[in-house]
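Readers should treat all values here as calculations from the given coordinates under stated rules, not as data from a laboratory. Since we're looking at a predicted model, the values are computed, not measured. Note: ideal-geometry Cβ built from the backbone for every residue, glycine included; neighbour counts use all protein chains shown.
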């Protein structure tokens, strides 16, 4: 039996379910990550955030935060991407990433960055950022700072600290 999964923009009404999902997906150490420092004080939702729902249940969410890199606008920080553990490994996270990046590109976003696993995110075009080109406010493994160009040559336009807009 296949699930009737709907992907749609996240709404303020989804926030309690999203906030309840994240500790199940990531555990308590998630707030110590450098990417969370960028999101502190920012709206919990942007126009690019998405959720996957089945009737009666939110099963996955993705957050995109609009950021500047070295003062330059036009970039998004992807994450967190959270999938309900019972629904993990079924393609729901992949669908959210792909649809989110397509929507961002259509809206004129030039670059998306994240701190994550290159083997997972490479399927969407994410590549390791050259060391020292882009950094976060706090410790982050430079081998895990990844970017995907949503406009040709965009990565060359960005250099510096990722900060909230």
Query raised in the report: So what's the gap between the Cα centers of region 82-158 and region 49-79, to the nearest angstrom?
Result: 11 Å
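For 65, 6, which order do you get if you count the other beta carbons within 10 Å of each Cβ and list the fewest first? All intermediate terms of the calculation are to be shown ahead of the outcome.
Values: 65 22, 6 10.
Result, fewest neighbours first: 6, 65.
Which order do the peptides 89-95, 21-27 take when ranked by the mean count of other beta-carbon atoms within 10 Å per residue, highest first? Intermediate results must be reported in sequence, preceding the final value.
Values: 89-95: 16.3, 21-27: 14.1.
So the order, starting with the most tightly packed, is 89-95, 21-27.
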Requested in this report: Considering only DSSP beta bridges where both residues belong to region 6-164, give the percentage that are antiparallel (nearest 5).
Outcome: 85 percent
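Can you pull a Stokes-Einstein diffusion coefficient for region 29-100 at 37 °C (0.692 mPa s), Rh from Kirkwood over Cα pairs, as a whole number of µm²/s?
On the way: Rh = 13.3 Å.
D = 247 µm²/s.
If you take the beta carbon distance between residue 7 and residue 122 as r and set R0 to 25 Å, what does 1/(1 + (r/R0)^6) give as a FRET efficiency, to the nearest 0.05?
Details: r = 22 Å, r/R0 = 0.87.
Computed FRET efficiency for residue 7 and residue 122 comes out at 0.70.
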Report summary line: Rounded to a whole number, the Stokes-Einstein D of region 79-165 in µm²/s (Kirkwood radius over Cα pairs; 25 °C; 0.890 mPa s) is 177 µm²/s
Query raised in the report: Which whole-number percent is the relative contact order of region 6-164 (Cα, under 8 Å, 6+ apart)?
Result: 24 percent
Report summary line: Taking Cα pairs closer than 8 Å and at least 6 residues apart, the relative contact order of region 85-165 in percent is 32 percent
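Ratio of the chain's C-alpha Rg to 2.2 N^0.38 Å, to two decimals? List each step's numbers first, then the result.
Details: Rg = 15.2 Å, N = 165, 2.2 N^0.38 = 15.3 Å.
Ratio of Rg to 2.2 N^0.38 Å for the chain: 0.99.
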